[in-house]
Structure formats: C-alpha cells, structure tokens
Amino acid sequence: MLLKIEDLHVEVGDRLLLKGIDLEIGEGETHILFGPNGSGKSSLVMAIIGHPGYKVIDGRIIFKGIDITEKPTAERVKLGIGVVFQNPPKIYGIRLRELINRISGKRERGDDILKLLDRLNITENLLNRHVNVGFSGGEIKRCEIAQALAMNSDFLILDEPDSGVDVENLELIGRELSKVLEKKSALIITHHGYILRYLKPTKAHVMIQGTIICHGDPDQILNQIMREGYRWCEKCRLMRRS
Amino acid sequence: MQVDEEKLRKALSKPAAYGPDLDLSQYSMEAVEQPKVDEEIIERSFEVGVDLRKRGALTTFLQIDHGALYKSVQKQFEGDVELLTIEEAVRKYDWVKELMWKLRSPYEDKYTAFNALHGAGGYFLRILEDRKIHMPIQACFLMFSPGAIQSVHNIIVAEPGSEAQILTGCTSHPKVSRGLHVGITEIYVRSGARLNYTMIHKWNPGFDVRPRTGILVEDAATIIHNYIAIGYVRSFQSQPTARLVGGNSKITMNNVVYLQGSSEMDLGGEVLIEGKGDKAEIITNAVAAERAKIINRGKISCEGEGGKGHISCRGLMLSDSAEISAIPCLVSRRMDSELTHEAAIGRIAEDQLFYLMARGIPREEAESLIVRGFLDLSPMNLPEHLEQGIRRIIDMALQGF
Ligand SMILES: Nc1ncnc2c1ncn2[C@@H]1O[C@H](COP(=O)(O)OP(=O)(O)O)[C@@H](O)[C@H]1O
Ligand SMILES: [Mg+2]
C-alpha cells in the first residue's frame, strides 16, 4: 500500500474538520475524491502534506510504510508526495522561472522540464512573472501542475485541477495528467469531475462533512452525483464501506 | 547660487530635521595619502555596482576621500557626455555655480552648511541634448582615511531629450571603521529627458551617512531614482526631494533596503507635483534583521492639475529586536488629484513559506528566497548585468541569514 490513512481526525483552531478518515491508495492507482464545498477535501490534502495549521488529533498517515503523521512537510516531500494546491499563495518577488529551476534542481532533467513547460503552454512571459501574481485561473492550475510534475514525485495529490479552467486549458491539463498518471499514483479532488474525461481512475470516494461516506466506481458515482447532487450520497447505503 | 558665509557658519550647528545628530568636530578633513586602485578597491567598488575593471570601457568616475582619482568618458560617447570634477566645471562654466544649491538649501542643516563651506570633490555630469547613452555611466565614492568626512557635491544635467543610466556607488574601504559621508546631488532632468539614477550603498558598521539629493523634473521628462542599501551603517538619514515642474512628467523613487546589526536608517522621499498630469511614485521595500532600525517616510504633495501620486511602504521584520516605522504622507491642494498610499509591515508569511517547503525547498532556503523576493529590483529598470550584480550582493548579504 502506498498511502494508508487510518481513522484520521484533524482540527484547525479548535474546529474538528476531519472526523475519522480511512483511505487506502495502492501503487499505480488513481483515486478520485468527490464532495461538496466545505466538506473537508482540501483539509485532508493539508493534513497529508503536513501543513502546521492542520493538527492531527487522532489516527495515522502511513506513506510507503512509514508513519508520517508527525513528520515535517520537507520529509513528506522527500518521501515522494507532491501537491497541486487549490488556492496557492501569491509570492511577490519570486519569478516562476526561478521557482521551477529550484524545484527541478536544473539537473540533467533540464531538457525534460523545458518540454513539460512547452506542453503545458507555460510561456516565457509567464515564467518571468512573479509566482501566481495576477495569474488567471487556468494559468494558476497549469503552473501548479508544472511545479508538481517538475518535482517528479511518486504520489501526486491534485486539489481541483479542473476548477476555474476553460476548455482549452482543461484539454492541456487532462492530456498531460493522463500521460503522467500511467506511471504514478494519485489522489485527485474534483468538484464537477471534468477531469475524468481524460483519466481512468481506479476508485472514487465521497466526503461529506469530514467523513468519507462511500467508495465505488468513479463513473458510476459521478453519474449519481450529476443526477441527484450530493443528497444522493447522504441517503446512499448500498455502496457504503464497500 | 550665491551663498552667505555668515549664515552658513550659523547653520553649522543646526541638526537635521530627522535622524540622530552628529558632532562634526569628531571627524576630520585630513586625508592619508591616496591609495592605488588595487584588487581590494576594485572588489569593494564592485560590491556597490561599479566595475572598475571596465573603467577603460565605460564612462567612469572614481573619487577616494576628497579628490577624484579617475575619470573618463566612454570613447563611443565622447561629445555626448561631459564628465568633469565639480571644481573643473565651476571653473569652466559660469552657469554651473547657478545650478549649485538651487535644489537643496545650503542652510538646511549642518551637513549642507559644512559641504558649502568645506566640501571637496564630486562630479559634474552633463548628457547633451537629444543624446541617448545606452551604456551605464558609473561613479564611485570610496572612503579610505579613518575618521574622515567625505563631503562631495554632484551636479547632473540631462539636457532636453537626452537619455542615460547613471550609477553611483558609495562605500568605505573594508579596513576603515569610522567616517562620515555627505553627498549633495542636484539632478536636472530637462524637457523630455529620461534618466535612470541608481545609488548603491555599502558601509562598514561604524559609518554615518547623510546624502542630500534635490531633483528637478521638467516637461514630459522622466526619472527613475533608485536607492539600494545592503548590510550595515551606524546611522543614515536622507530625504531626497523632487519637484515636478513641467506637465506630464514622471518620477519613481524605488528604495530597496536590507539592514542588519545595529544599523539605523531614516529614509524618506519627498515629491512636489506642480505640473499638469504629473505622476509620482515612492516605493520602499525594507528588511530589518537583528537590531536594525528603519524609519521610512514618503511624502507626495500635489498642486498640479490631475496629478497622481502613490506611496508604498513595505517592511519585513526578521527579528524581534528590529524596528520598522512606515510614515507615508499625502498632501493635496487640488480637487482632481489622485493620491494613494499603502503601508504594511510583517514577518515572512507562513503560507508562502509552507508553499515553498511543499515544493521540496528546505526552510532556510525558502526563507531566503522570500526575503530576496521582497527586495525586488524589477521596478528599478536596471540594465541586466547591473541587476544581476546587485542580486549577487544581496545573496552575499543573505548568506548568513
Ligand atoms: N485554515 C482554516 N481555518 C479555518 N477554517 C478552515 C481552514 N481550512 C478549512 N477550514 C474550514 O473547514 C471546512 C472545510 O474546508 P475545506 O477543507 O477547504 O473544504 P473543501 O476543500 O472540501 O471545500 C470549511 O468550513 C472551511 O471553512
Ligand atoms: Mg477545497
């Protein structure tokens, strides 16, 4: 098992956001996490990568067999976790080019990185701008994905890579991810599931109010959500803890 | 301008409006013998952006203590640029005296008065009408004699339609621990001229510094006035002052400061908008480390029709023993003026730090990236090689951080 989350309880401030999450993702698998706004999906991402503001009060996170629950972010990254954030901060004064160079270490992968940037349509102009400052929605996503892929992590967490993105950008992102995910493992959070057009995920989960209430086939779950909204999930018993 | 000696002598005891008061009798005008331009001096000048190795190729002025040691105009621009010592210029042209003390009053405080009475050295730089000088002009003032007061007067005239980039680096020799640098600089930006003027400072911790800069910007002229200080200073106080007298003229004052140790700096910038449609901007990014104390004053007054002004003061605190004050001030005497300011002081933002760490960048490196990013040079519009040079200086200063 690549990632194993057991009975995870997470607090921000003194508010309990995650109330006993269990999740297992195997090597080479792509999992989808659905859930309405505010259900705690991004909080789960923050807890996995180790944001200091998200306190694990119970449960464990095991990655590659190592308990990382108490480990600092740097170590989790070193072990091979890369994140595409939903709302990355603006960083004044640091150019995208500089950041990507740092991330990729400019090694012999230099050529690969250039190709990657090209495929994601990250232009010279964008590279010269300060990270996320004045970027459009699509630009933010493409740059987040470029950074995460430049890290070459084994396990990718993508927090809504398809929201706020127009058709052309979605196409770019979808194509790139479908190729990358052939060889890697991932947890993808998506609100409306647009990205699923390009991917063949292993399994989907639905989070409601800080708990995962069901698992199942991604297309099937998406269809249900499309038809009935998340009310369907709440009354759903069939797939529960399948 | 004619100066009144009696009045000057009285002004010799007048403290400056801001900054700690200094006792001028503690410094001397005596100088030891001037050194040769050796590796140490070349290295030090390089740290304030002046490349003395290229002195044969670029328009260059070098003054050590009280007298010019080197001065040359780039071959390609002979006849476009005139570079003289201030003493030579006063002898050569009657009108140079008229330009002196017109943009700063010699009676302002003890430092200007001392300069008017006892000053020695400085350059006169004239860019002739419509000439575009696309290679940097560099000037270096280096203090070599211990306990000395270096008191120079510079005059810059960018004649109508001319363009130039001027870099002035001021510094102390690494071996000297104490001294006072007073620099009077009067800059005339004539109609339609475009000037990029950059001043870079690097001092030993025992140095006191009191620059006095006056700028006149005429019709449709533009000046970018940059100030960069990295490292230490015992005390620094300056309030460069500009008047926009024509219409559609523009000034941007950019200040980038990183201070450590027990350095104390009172840095201002004052612009008076008199013309129609003039624009003024004062942008300061200041970082205070260790016990450094930085006061940042910006002031824009508007009397011109439809004038626009903006002040941005941003401070980054790297220690609980440091102190930063931001005092932006706006004065409007026109209903149609548009004056704004923003001021913010804080520590390194946790969300930015976390973001970089989540990208696999170690904490120390992420911190230094953010600090370097804060000391953003891009609004300064510097020539590429100079911007890279200054980045190197900043990197060196941040290595210990
Ligand atoms: N750093 C935080 N501080 C306070 N509340 C937070 C923080 N992060 C998330 N929350 C709250 O936790 C809930 C879940 O948020 P989030 O995990 O972002 O949901 P989702 O990603 O599913 O939309 C929301 O009510 C949100 O306001
Ligand atoms: Mg979210």
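Values in this text are rule-based calculations from the coordinates and carry no lab data. Only a predicted model underlies this, so the values are computations on that prediction, with no experimental measurement involved. Quick reminder, even Gly has a Cβ in these numbers, built from the backbone with ideal geometry, and neighbours come from all protein chains shown.
Overview of results
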| read-out | value |
| --- | --- |
| Sites matching trypsin sites (Lys or Arg not before Pro) across the stretch A:142-211 that sit in DSSP coil, with at most 16 neighbouring C-beta atoms within 10 Å | A:Lys183 |
| Cα-Cα P(r), the protein assembly as shown, percent of pairs per 10 Å interval | 3, 14, 22, 20, 14, 12, 9, 5, 1, 0 |
| Theoretical ellipticity at 222 nm over chain B - DSSP helices of four or more residues, -39500 (n - 2.57) apiece, nearest 500 | -5500 deg cm²/dmol |
| Packing-based exposure ordering (other Cβ within 10 Å, fewest first) of B:Val50, B:Val371, B:Val3 | B:Val3, B:Val371, B:Val50 |
| Under-5 Å amide H pairs with B:Cys313, H placed in peptide plane, nonlocal only | B:Thr284, B:Glu342, B:Ala343, B:Ala344 |
| Whole-Hz couplings from phi, Karplus 6.51/-1.76/1.60, listed for the stretch B:235-251; x for Gly and Pro | 8, 9, 9, 7, 9, x, 10, 10, 10, 9, 9, x, x, 6, 9, 8, 10 |
| Electrostatic dipole magnitude of the stretch A:3-241 [Cβ: Lys, Arg +1; Asp, Glu -1; Cα centre; debye, to 20] | 100 |
| At 0.692 mPa s and 37 °C, Stokes diffusion of the stretch A:3-241 via Kirkwood alpha-carbon radius, µm² per second | 179 |
| Sparse-neighbourhood loop sites, GluC sites (Glu not before Pro) in the stretch B:1-91 - DSSP loop, at most 16 other Cβ within 10 angstrom | B:Glu30, B:Glu33 |
| Listed residue (A:Asn132, B:Phe77, B:Tyr197) projecting farthest to the positive dipole end of the protein assembly as shown, Cβ model | A:Asn132 |
| For chain B, with +1 on Lys and Arg beta carbons and -1 on Asp and Glu, the positive-most of B:Phe374, B:Thr252, B:Met317 along the dipole | B:Thr252 |
| Per-residue Cβ neighbour rank within 10 angstrom, fewest leading, B:Trp203, B:Trp101, A:Trp232 | A:Trp232, B:Trp101, B:Trp203 |
| Given A:Lys41/A:Lys184; B:Lys54/B:Lys299; A:Lys41/A:Lys200; B:Lys92/B:Lys132, the pairs whose alpha carbons are separated by over 31 Å | B:Lys54/B:Lys299 |
| Members of B:Lys110/B:Lys202; A:Lys4/A:Lys64; A:Lys90/B:Lys279 lying beyond 20 Å, as alpha-carbon distances in this model show | B:Lys110/B:Lys202; A:Lys90/B:Lys279 |
| Lys/Arg +1, Asp/Glu -1 at C-beta; the protein assembly as shown dipole; positive extreme among A:Ile91, B:Val90, B:His181 | A:Ile91 |
| Exposure proxy ranking, count of Cβ atoms within 10 Å, fewest first, for B:Val32, B:Val217 | B:Val32, B:Val217 |
| Formal net charge of residues neighbouring A:Glu6 (Cβ-Cβ distance under 11 Å; K, R +1; D, E -1) | -3 |
| Karplus-derived HN-Hα couplings along the stretch A:159-165 (A = 6.51, B = -1.76, C = 1.60, θ = phi - 60°), whole Hz, x at Gly and Pro | 9, 6, x, 10, 8, x, 10 |
| Phi to ³J(HN,Hα) by Karplus 6.51 cos²θ - 1.76 cosθ + 1.60 over the stretch A:199-204, Hz, x for Gly, Pro | 10, 10, x, 6, 7, 10 |
| Global form of the stretch B:5-348, assessed from the alpha-carbon gyration tensor, a/c cut-off 1.5 | rounded |
| Shape of the stretch B:1-148, Cα gyration tensor, a/c cut at 1.5 | oblate |
| Loop-resident sites, the stretch A:154-199, for GluC sites (Glu not before Pro), counting at most 14 other Cβ within 10 Å (DSSP) | A:Glu182 |
